[in-house]
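Here the structure comes first, spelled out in structure tokens, and everything after it is commentary.
The values are calculated or read from the model by the stated rules, or taken from the named source; none is laboratory data. Keep in mind it's a predicted model, so treat the numbers as computed, not measured. Positions of Cβ are backbone-derived with ideal geometry, glycine not excepted, and every protein chain shown enters the neighbour counts.
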């Protein structure tokens, strides 16, 4: 019976393939000369997202994609099941501010989580901020939230339609009323309060409204905003006129003793400056605390007149040092927490204690010490997973942290800083029995002999017969670790007998800065080799075969998918590059793209160009090749990785593919890079992706 069903499915598939008619995409005579190498860019016109031609093209491409997906017999069943799985209460960890505990909650299918508060856990929760009421379609999202010193005010950032641009709103904590004055033009910023008077934040000059989603971001500055005054009165605190392509952020110590400025020229490397606000003689003078930009450092807290800093200076896996701002030279640093063989992923504070989160083979290990690094105590986790939330105030006697893993939904624990005991506070009530699934960690050997870890999750009783549908996910860049995390969307795939594999590629931070550097700049090919090695490992171990393999990644992970599908198209059946960096020769010309040059290099440098052209997905597509069935996804408001990357890649792939497999692009409206995407859009996107994946892997539903 299964053979008959599969045969019918393949017959329908062939019929749908034969009916695909892609939009006619014009080509222009655009050529660029890179150090004597001529590169054609016939779809350059698609970079203008405001043009009528581009908008018409987007409309036609979405029509083709919608038509294809709607003809797949089980698409509506997939969406219905996803809605059933998604519809359970989701809670964030509580945090204490004044007399109230605050927490985020989503009832199940709400577009955005609502911020609640309550006086003690026996009191009735009340709504504090509901972003669902900001717009009719749920596309407004809350970003940064910060309370003033005495909890008189709170400021929260609002982003619209997934854009990185934010507006700050100030709310009166007592009666929840909004103040009249708003703060605009904010990007890549926190909010650090000084008393109840005002807060420090970072912004760019007012952008050109028409082109603000594509124009390069320049001249980030730190300002101080005083509550009750217009933004035009804000005080400029720090700028760097000589280096327009730097990001700058301010952080005030909890006791308001020190103002710390962090500057960076990209996504790697930082510089720290500090001003002693209790020293009248310092005036507006900032002292260079840690010179940039060859190392990464971040301010943790001050211990009296000294500053605690997490740094990888002479410590690829990071250490914690104590620095006297009056004598900040490196030879005067005191090591508080020495470097270990595991990565020190983060260092937080609460109750006058340090909380150190390490990664051991991409799984969290958390320790508590005092500010001198003494009296270490391990906070035991339930298993191999990810723990976050170890931050608070010096006066705190408790904190709340969350734990998750591939087969463990988000679980919140209450930690008593005095007794050092963790107790279960809240468990997620998902509508599936996760005891039916298991995760194991395996290691494959990459092309150069490096051992690369991966997490493999599947339904118990899996048969290693080489015929299981598999989805591989990876990222591999920007010093970001992929640690175990629960995804209700991935649970749907597991339910259907799929195997979900997350690969910890070089370029991430799983094993410290050395692991990161092994996957950046001239070493970027290692990332792709690692992913290919993981795929071949799964085939060799009889998990699957090339006709049953789908691959997926977003942003830098979209680059990963674009690179491996062009290098080894025969190894994968389905490819899902999402909001990907796909044109490596021009990425730096848009919005914040220049900041990624520390990771990739730039095409206006000859050595970098010679490396980038070898793997840039757009320029490595070749006519007549049988590429995997491909569904490219992006958002029309993505001002992180502009949609032109995906537009040009889709147009080229549709022209070059041999016609065997479909090449589609899904362009979400009023959506950006991913953050703040409403639940309704998440479910629709997941339904389309899983329908496309299952259909092209020959799965039944």
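Side notes on the structure shown:
- Qualifying positions in region 144-178 - part of a loop (DSSP other than H, G, I, E, B) and either modelled with pLDDT under 95 or out of contact with any strand residue (DSSP E or B) (no Cβ under 8 Å at 6 or more places or on another chain) (or both): 150, 161, 162, 163, 164, 174, 175
- Test for residue 534: is it buried (at least 24 other Cβ atoms within 10 Å of the Cβ), assigned to a helix (DSSP H, G or I) and at pLDDT 95 or above: yes
- Only listed residue being surrounded by fewer than 20 Cβ atoms within 10 Å (Cβ to Cβ), in contact with a strand residue (DSSP E or B) (Cβ under 8 Å, 6 or more places away or on another chain) and closer than 30 Å to residue 307 by Cβ, chosen from 417, 359, 440: 417
- Considering residues of region 256-297 that are surrounded by fewer than 18 Cβ atoms within 10 Å (Cβ to Cβ) and within 30 Å of residue 521 (Cα to Cα) only, the residue nearest to the chain's Cα centre (by Cα): 269
- Residue pairs meeting the criteria (Cβ under 6 Å; at least 6 apart or on separate chains; first on the phi < 0 side of the Ramachandran plot and in contact (Cβ under 8 Å) with a residue 24 or more places away in the chain, in region 68-82; second in a helix (DSSP H, G or I) and surrounded by fewer than 17 Cβ atoms within 10 Å (Cβ to Cβ)): 71/16
- The numbered conditions (1) over 23 Å from residue 519 (Cα atoms); (2) part of a helix (DSSP H, G or I); (3) in contact (Cβ under 8 Å) with a residue 40 or more places away in the chain are all true for residue 645 except (1).
- Of everything listed in (1) outside any loop (DSSP other than H, G, I, E, B); (2) more than 30 Å from residue 124 (Cα to Cα), the single unmet condition for residue 49 is (1).
- Residue check for residue 223: outside any loop (DSSP other than H, G, I, E, B), over 18 Å from residue 676 (Cβ atoms) and free of Cβ contacts under 8 Å to residues at least 24 places away in the same chain: yes
- Top-ranked residue of region 155-177 - restricted to ones that are free of Cβ contacts under 8 Å to residues at least 24 places away in the same chain and under 30 Å from the mean Cα position of the chain (by Cα), ranked as nearest to residue 217 (Cα to Cα): 166
Condition check ((1) over 22 Å from the mean Cα position of the chain (by Cα); (2) surrounded by 13 or more Cβ atoms within 10 Å (Cβ to Cβ); (3) over 16 Å from residue 399 (Cα atoms); (4) without any contact (Cβ under 8 Å) to a residue 60 or more places away in the chain) across all residues:
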| residue | (1), (2), (3), (4) |
| --- | --- |
| 98 | yes, yes, no, no |
| 112 | no, yes, yes, no |
| 122 | yes, no, yes, yes |
| 130 | yes, yes, yes, yes |
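- Matching residues, region 386-411, being closer than 11 Å to residue 93 by Cβ and part of a strand (DSSP E or B): 387, 388, 399, 400, 401, 402, 403, 410, 411
- Unmet criterion (only one of (1) out of contact with any helix residue (DSSP H, G or I) (no Cβ under 6 Å at 6 or more places or on another chain); (2) surrounded by fewer than 24 Cβ atoms within 10 Å (Cβ to Cβ); (3) touching a residue at least 24 places away in the same chain (Cβ under 8 Å)) for residue 605: (3)
- Scan of region 321-350 for residues that are touching a residue at least 24 places away in the same chain (Cβ under 8 Å) and under 14 Å from residue 272 (Cβ atoms), ordered by number: 323, 325, 328
- Total residues in region 307-353, condition crowded, with 17+ Cβ neighbours inside 10 Å and either in a strand (DSSP E or B) or modelled with pLDDT under 95 (or both): 21
- Index of the failed condition, residue 502 passing every other in (1) more than 15 Å from residue 559 (Cα to Cα); (2) assigned to a helix (DSSP H, G or I); (3) out of contact with any helix residue (DSSP H, G or I) (no Cβ under 6 Å at 6 or more places or on another chain): (2)
- Subset of region 33-67 [within 21 Å of residue 687 (Cβ to Cβ) and in contact with a strand residue (DSSP E or B) (Cβ under 8 Å, 6 or more places away or on another chain)]: 58, 61, 62, 64, 65
- Members of region 191-211 found to be crowded, with 18+ Cβ neighbours inside 10 Å and assigned to a loop (DSSP other than H, G, I, E, B), listed by number: 191, 204
- Filtered residues of region 17-40 (kept if in contact (Cβ under 8 Å) with a residue 60 or more places away in the chain and over 15 Å from residue 665 (Cβ atoms)): 17, 32, 34, 35, 37, 39
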